[in-house]
Each structure stands twice: as C-alpha cells, then as structure tokens.
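Visitor: Below is the structure I would like to discuss, written out as structure tokens.
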Amino acid sequence: MTLIIESRQVYTQLGVAINVTGIAQVKVHGQNKEMLEAACQQFLGKSDTEIESIAKETLEGHQRAIMGNMTVEEIYQDRTKFSQHVFEVASSDLINMGISVVSYTITDVSDDEGYLASLGRSRTSQVVRDARIGEAEATKDADIKKSLAEEVTMRSKYFNDIEIAKAAREFELKRAAYDIDINTAQARANLAYSLQEATTKQRIKEEQMQILVVERSQQIALQEQEIMRREKELEAQIRRPAEAEKYRLEKLAVANGIEAILRAEAIAESIKLKGDAEAFAIEAKAKAEAEQMAKKADAWKEYKEAAMVDMVLDVLPKVKLLDCSARRETRSLSVS
C-alpha cells in the first residue's frame, strides 16, 4: 500500500521549521513466517485503515526525528541522504511489526516563513556570484593568456626586428667596407692612370723638345752654311775686286810717276773697301747669328730666356771689336 507521509512545521537541527512530504510503499511480508506471525500478533482484529494509520504514524515519527537531526540545507540539498535515513530507520522498526518498507521518497520540502525561498535566492545569488567570479576569473585568465600570447608575439616581433636591424647593420657595414675598398682601388687606379698619363705627357713633351732641338740645330747649321756662303760671296764680290783695283792703281801710279801717292790712295781705298766689306760681312754675319740666336732662344725659351741674352752678349763684343779694329785701321791709313 501507498502511504503519504506529511510532517508539518517540524523544527530542524538549527531551529528552522519546515514541511516535508514523503511517499512510502509498504506491505505485509507474507512470505516470511516470522514476519507474518508478528503482523498477525500486531494487527490481528484491526482494519486496513488502522494498519495503514499505524504504519503511517510510525514512518512520520521517524521522518520527524530525522528532520530534527538535520539542517534545512542538508534536507533540501541532499534529499537522497534524508530518504535513505528514513528508509533505514523506519524499516528496522516496521519489520518488527511484520511490515516491510518497499520504498521511501521525499516529494516536497517547504516552509511557511520563506526560508527556502531565501535560501534559493541566496543560493541563486551565490551561484550568480560564483558564475560572475568564475566568468571574471575566466576572463582574467583569458586576458592573462591573451596578454602572455601578445607578449610572446611582441617579443618575437621585437626579436625579429632586432635581428633584421642587426642584419641590416651588418649589411650596411659590409657594403661600406666594400665601398671603401672599391673607392680605394678606384682612387689608386685613377692615381696610377694620372701618374702614367703625366709620365707619358712628360715623355712626349721631352721627345717633342728633342725634335724641336734637332730642328733648331738643323736650322742653325743651315744658317751657318748660309753665313759661310755669304762670306764667300762677299769675298768674291768685294774683297777680290778691291785687291784687283788696288793692283791696277799701283801699276798706273808706277807708270805715271806717282807711284807713292797712288799706292797710298790705293791702299787707303783698298783698306776702306776692305773695311766696308768686312763691316758688311760682320753686319751680315751678326744678323745671321742674331737670327740663329733668336731661333736658338725660341728652341730653348722653355728653359730660360736668359740664354738668348747670354748668346747675344757673347757675340756683340766680337762684332764691336771687329768694327772698332776696322775703323782704327782705316783711320791709321788715312792719316799716314
């Protein structure tokens, strides 16, 4: 049979009154002789209602006793434990009456003061709080993990940036070293080229000067030959005719009896002509030598212009000496 066990306003261990409703399935155990005898002794002459009432009261008494030994939270939160206690205690008691408890279950727990509602709200708040805390902690953990991941990422990025900067710096240093080597080699090559070019130009200039000196030497030789030709020409055109004229005059003077005068005059004339011829020759020679020295000076003017002056000064005294000598000789003959 099914029994509904209600316990109203029972004070629990902490003094909170609650209501508990349970359902129990009980029966008279007819298969066990001893239990059947006990049931007969206990309920002989009683109606089913009376038997049900006895069993119900017994179960309710044990239910109330167990409620008094437990807190509201234990009953509310662990109904299985509460049902197990009631089932064990009630079974040991009812079995002596020949009744066995098949099952016992709590169907409702309530109170008239709203304690369970408050407990639910408190629990709800606690759950919400725990949920929020858990969410906050989860968020914190997620943020921490995110921050750690970002830190690792940034460290990797910075490390890569540093490595890239190091590689760029090494590249720039190597390129600068290569540029220095290349520029040094280029400068050396340019310097060698400049030196070689200067040396070549100097050699070309020296060869040109040698050629110019040879040309001037040849010109001087030709001028000297020209001077000798002119001297021979003067010899043939002036000196020899003058000597012939002198000889003719001497012969005429001897023949006419005025040999001494004619001789003197002839000598004077000859000397004069000779002086004029020598003066002309000297002047021509001086001009030729002056031209020769001018060409020499042109050839050597890159060395020193003083060479021309030195040459002219070297020749002029000779010209002057010859001219003075000729004039003295002419004057001496004229006076005598």
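Visitor: Using amide H atoms built in the peptide plane, which far-off residues or other-chain residues are under 5 Å from ASP111 H to H?
Guide: Distant-sequence amide H within range of ASP111: ASN19, LEU116.
Visitor: Going by amide H atoms built from the backbone, whose H comes under 5 Å of the H on LYS27, apart from near neighbours?
Guide: SER100, VAL102
Visitor: Which entries of LYS56/LYS81; LYS232/LYS287; LYS205/LYS285 have Cα-Cα distances beyond 23 Å here?
Guide: On the way: LYS56/LYS81 20 Å; LYS232/LYS287 16 Å; LYS205/LYS285 33 Å.
Where the Cα-Cα span goes over 23 Å, the pairs concerned are LYS205/LYS285.
Visitor: Sort 88-98, 57-67 by packing, meaning the average of other beta carbons within 10 Å per residue, with the highest value first.
Guide: 57-67, 88-98
Visitor: Would you work out which of GLN84, ILE54, VAL102 lies farthest towards the positive end of the dipole of segment 3-117, given +1 charges on the beta-carbon of Lys and Arg and -1 on that of Asp and Glu, about the Cα centre?
Guide: VAL102
Visitor: Let me ask something else about it. Quick one: 3J(HN,Hα) in Hz for segment 161-175, Karplus 6.51/-1.76/1.60 with θ = phi - 60°, rounded, Gly and Pro as x.
Guide: In residue order, the calculated couplings are 4, 5, 5, 5, 4, 4, 4, 5, 5, 4, 4, 5, 5, 5, 5 Hz.
Visitor: Now, a different point. Let me know the charge dipole size of segment 121-228 about its Cα centre in debye, to the nearest 20, where only the beta-carbon of Lys, Arg (+1) and Asp, Glu (-1) is charged. All intermediate terms of the calculation are to be shown ahead of the outcome.
Guide: On the way: 18 positive and 19 negative charges, 238 e Å.
I would put it at about 1140 debye.
Here, each number is a calculation from the coordinates, and none is a lab measurement. The model shown is predicted, which means the values in this text are computed figures rather than measured ones. Don't worry about glycine lacking a Cβ; one is built from the backbone with ideal geometry, like all the others, and counts go over all protein chains shown.
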